[in-house]
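Reviewing the structure listed below.
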Amino acid sequence: MGRISRRQFLVLAGAATGSVLLAACGGEPAATPTPTAQPTPTPQPSGQSTAPSQAQASTPTTTEAVDIDLSRWSPDYVREIAGTIGETDTRAFVSSVVPLETTGNLSYWYIGPAETDPQISKDFDKQFWDAWESTYPGISTDVQRLTYADMLDKIRTAATGNAAPMVATMPILWGVEFAAKGQLAEISPEEFGFKESDFWPGALKSCRWQGKLYGLPTNNESMALIWNKQLFREAGLDPDQPPATWEDLVIYSKQIKDATGKYGYGLVARQNHGNTPFRFMPIVWAYGGGAFDEAEESPTYQSTLINNEGSIAALEIYYNLFVRDQSVPASALTNTNAENTDLFFAGQLGMYIGHPSEFAVMVDRANKATGADKERALQLLDNIGYALLPEGPVRRAVVLGGSNIHIFNERFVRGGKVDRTAARAFIAFRCSPEWSIKAVWASSNPGTLQAFGTSWMQQRLEQVRFLEVTTAMLKYGVPFPVVPESTQIMNIIIPDMIHNALTGKMTVKEAANDAAEKIRALMKQRPS
Amino acid sequence: MDHAGRGPAVRALPGRRGATKERSRASEVAADYAYILPALAVLVFVVGYPIVYTLVLSFYETPPSLPGRFWTGLGNYRTILTSAEFFDVTLNTVYWALPSTILAFALGIPAALALNQGLPGQGLLRGLLLIPWVISTVTAAYVWRWLYHADFGLVNGFLMQLGLISRPILFLDSPTLVIPALIVVNVWKTFPFVMVMTLAGLQTVPRELLEAAAIDGATAVRRFWHVTVPYLRNVLFVTFILLLISNLEHFTIPWLMTGGGPARASQIWSIDIYTIAFRSLQFGLASAYSTIVFAIVLVFAYLYVRALTKEDAVR
């Protein structure tokens, strides 16, 4: 009998498993490869070099230095205001909120840079903590850096078990759940040295629950339409004219598919995945629909609009792309945006919705490619365009993403006590123009409007290509409904509706009515 | 069981000597319990407490919009048992779990029989066949997701290159194909478990019986049915129940490969409970759902325990 020893078996099994694992790792798309596009002259935090007394004497201590006209917000305006106020002095600003000699304790959780993030993000993260320690050496800080995938479950569990941190920065959609449960402390911008007008109105909306403010925006982001000019040329389309409306997008997508055999538009509809509502809701809002009336100036969230004419028209856009024209990836129902990036980079996709960082990711990939692949990749980079998302008959819209910073209620915090002074110092420091921009250098936009006028913003615009386009989309940003049921509506009910319509399980109208019924039933469960 | 058996014999002993011996036995029994007490305490804490807490929570409504919980009695159970979606998901679960288990047996038993024949290089073969089982389920799910992918997938690419298909097959994007596609992955992942268990059972079949049957002129098939299978019956039953329970509670493969889609076609119990709890934040409802599933699985667990104790009794 050809027996092998246990040791031999382990060696063989290990080798075989290793090869399969390697294959698995190689087969997956890199989720967020490190962009190398940015030159990295990492600016030093001003807090480290300026003595507090000098700073206070030489710089303003409020954030009123720049007057930003949101009505003029456009890619050109973003470039125009960048650099108009130079650099701000963080020490001077925060010392006017909480004296620098303050002593205390703070516990803080946030989503920190992951291993795959660009080096510049890691560098700035380190600089942030060095600067914080040198600015407030008397405040002892217990920091937990978490991943996006881990944080929500962990912080929910912690809050339920009265072990939450004193302060946490969380993605924009999460806060309302904690606020509704009474787990967050009410705040006012003034206690951190700000005014409401220092932030995007839409972003502040996401910090409110039942009229009270429970957080401040640390960063805001929006997406844009990315297109491949070469595929446009091959399809007989003007390479410099991206679709102006969603209906144009459907026509362009079909034309690309018919003329080149490649996919026109990167539809994403994976169930239970955040990418799905982030790419579908802008169309719904553009046509005058919504989960509720969240796209309106003063939403009430009283009744659902998911089966109104606008929402049905938006769902028809998806139906036409996927079922009628078949001009989107066949795998759209299980795809996330990562697959779109791969298809686009392979020259197999004409258009998709993405972040500014996606260009940097593609530059990085092109740098790593060799031979003919490199040539093709470089050619693609020369042919990429970024545009505002298409308009609908009612408006142009995009999901306002980003994060907010919150203070937890003492009752839910480990030890039952919040050092409010330390928390105020930290939030003022984190939301200061300097750190609201540096902390999200490669990935997002500052939450504080004044930061757009700094020279740091000017540097970013030079380093991050197409940043002005995605930044300009902030004007059209609509936050998801600020109700605790939002996660269920956006992650389950909306993707279910899309799947019901696109798989033929229901007609478009039936799918919309079914979703409306589910939203109504969900809201009815809310005890009065 | 042993102690119960010893009990009457001790009581039958007359006089002081008997009483002393009985006391000594009692202290022995007490010592036995003391030995298992730490393990029991850990078990009660990490298994018992969550079960009881889940049961208690299942009688409460936990709306995401309010702190605390509100008594709803059997309301959550009523909501689940009267919802059409629960029955759709139950059908999906049965459709996923039963064929997965049966097909794992259909592959695992022949593999075990082949490995029991003493083929040359059988150790290596056994090692190779065990690979799917030892690979992490997460890794396997991602590898298969890419193999099946409609746009990048190796399977579609290969079939198209051979000219067998002109358009990609939507393995994971079609409501009708998704569960069969997931079953293939699950069977690939779990058949080595059946193989190992069956192989262990096969090695307990007395060789003399098989030889005697062969001398009596029994064919290989008859020897298998009339000698081997009776010896394997308990092993196969226990393995079947274990695998079925594991498949009924399975989460990783469907969640990572499809997220329950498309159109909830691969939404099975565990995914439904997870989404109700952690996506909808209705922990009370999810607890009631878990309790219902727990009760169903408990039936199979009872059969499993009964089979095990029967086996002990036979020994």
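No lab work stands behind these numbers, since they all come straight from the coordinates. Note that the coordinates shown come from a computational prediction; the quantities given were computed from them, not determined experimentally. With ideal geometry, Cβ positions are generated from the backbone for all residues, glycine too; neighbour counts draw on all protein chains shown.
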Any chance you could check the Cα centroid distance between the stretch B:174-230 and the stretch A:286-362 for me, in angstrom?
50 Å
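Given a Förster distance of 41 angstrom, what is the FRET efficiency for residue A:420 paired with residue A:462, based on the Cβ-Cβ distance and rounded to 0.05? Please list the in-between numbers first.
Details: r = 40 Å, r/R0 = 0.97.
That pair, residue A:420 with residue A:462, gives E of 0.55.
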Gaussian network model of chain B, springs between alpha carbon atoms under 10 Å - residue of B:267, B:282, B:203 with greatest fluctuation:
B:203
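Kindly state, as a whole number, the per residue volume in cubic angstrom of the convex hull around the alpha carbon atoms of the protein assembly as shown. Numbers along the way, then the final one.
Values: hull volume 186.7 nm³, N = 843.
Cα-based convex hull of the protein assembly as shown, divided per residue, equals 221 Å³.
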For an R0 of 51 angstrom, estimate the FRET efficiency from the Cβ-Cβ distance between residue A:338 and residue B:211 and round to the nearest 0.05.
0.25
Using alpha carbons only, how many degrees (0 to 90, rounded to 10) separate the axis of helix A:246-260 from the longest principal axis of chain A?
50 degrees
State the extension gain, in nm to one decimal, for the chain segment bounded by residue A:455 and residue A:251, taking 0.36 nm per residue of separation less the distance between their alpha-carbons.
69.3 nm
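Might you report the magnitude of the Cβ-based charge dipole of the stretch B:72-311 about its Cα centre, with Lys and Arg at +1 and Asp and Glu at -1, to the nearest 20 debye?
Numbers: 13 positive and 10 negative charges, 27 e Å.
With only Lys, Arg, Asp and Glu charged at Cβ, the dipole is about 120 debye.
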In the neighbourhood of residue A:328 defined by beta carbon distances under 12 Å, the net charge of the other residues (Lys, Arg +1; Asp, Glu -1) is +1
Result row for chain B, helices from DSSP H with C-alpha axial extent 18 Å or more and mean Kyte hydropathy at least 1.0, is B:84-115, B:178-202, B:229-248, B:283-314
Distance in nm between label sites at residue B:226 and residue B:296, each 7 Å beyond Cα in the beta-carbon direction?
4.2 nm
Using only the alpha-carbon atoms, how far is helix A:6-27 inclined from the longest principal axis of chain A? Give it as 0 to 90 degrees, nearest 10.
90 degrees
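Give me the net charge for the shell around residue A:185: Cβ to Cβ below 9 angstrom, other residues only, Lys and Arg +1, Asp and Glu -1.
Details: positive: A:420; negative: A:186, A:410.
Computed value for this residue: -1.
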Among B:270, B:246, B:100, determine the one that fluctuates most according to a GNM of chain B built with springs between C-alpha atoms less than 10 Å apart.
B:246
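Which loop-located trypsin sites (Lys or Arg not before Pro) does the stretch A:347-417 contain, where loop means any DSSP state but H, G, I, E or B and the Cβ has at most 12 other Cβ atoms within 10 Å? Spell out each step's value before the answer.
Numbers: sites: A:365, A:368, A:374, A:376, A:395, A:396, A:411, A:414, A:417; in loops: A:395, A:417.
Loop-located and lightly packed - A:417.
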Inter-part distance where the stretch A:76-90 and the stretch A:443-465 are each reduced to a Cα centre, Å
8 Å
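Using R₀ = 51 Å, calculate the FRET efficiency as 1/(1 + (r/R₀)^6) where r is the Cβ-Cβ separation of residue A:210 and residue B:87; round to 0.05.
Details: r = 38 Å, r/R0 = 0.74.
After rounding to 0.05, the efficiency reads 0.85.
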Mean residue ellipticity at 222 nm from the helices of chain B, using -39,500 (n - 2.57) per DSSP H segment of n ≥ 4 over the full residue count, to the nearest 500 deg cm²/dmol?
-23000 deg cm²/dmol
Using the Kirkwood radius over Cα pairs of chain B, the Stokes-Einstein translational diffusion coefficient at 4 °C and 1.567 mPa s, in µm²/s and rounded to a whole number, is 54 µm²/s
Give me the dipole magnitude in Debye, nearest 20, for the protein assembly as shown about the Cα centre, with unit charges on the beta carbon: positive for Lys and Arg, negative for Asp and Glu.
3720 debye
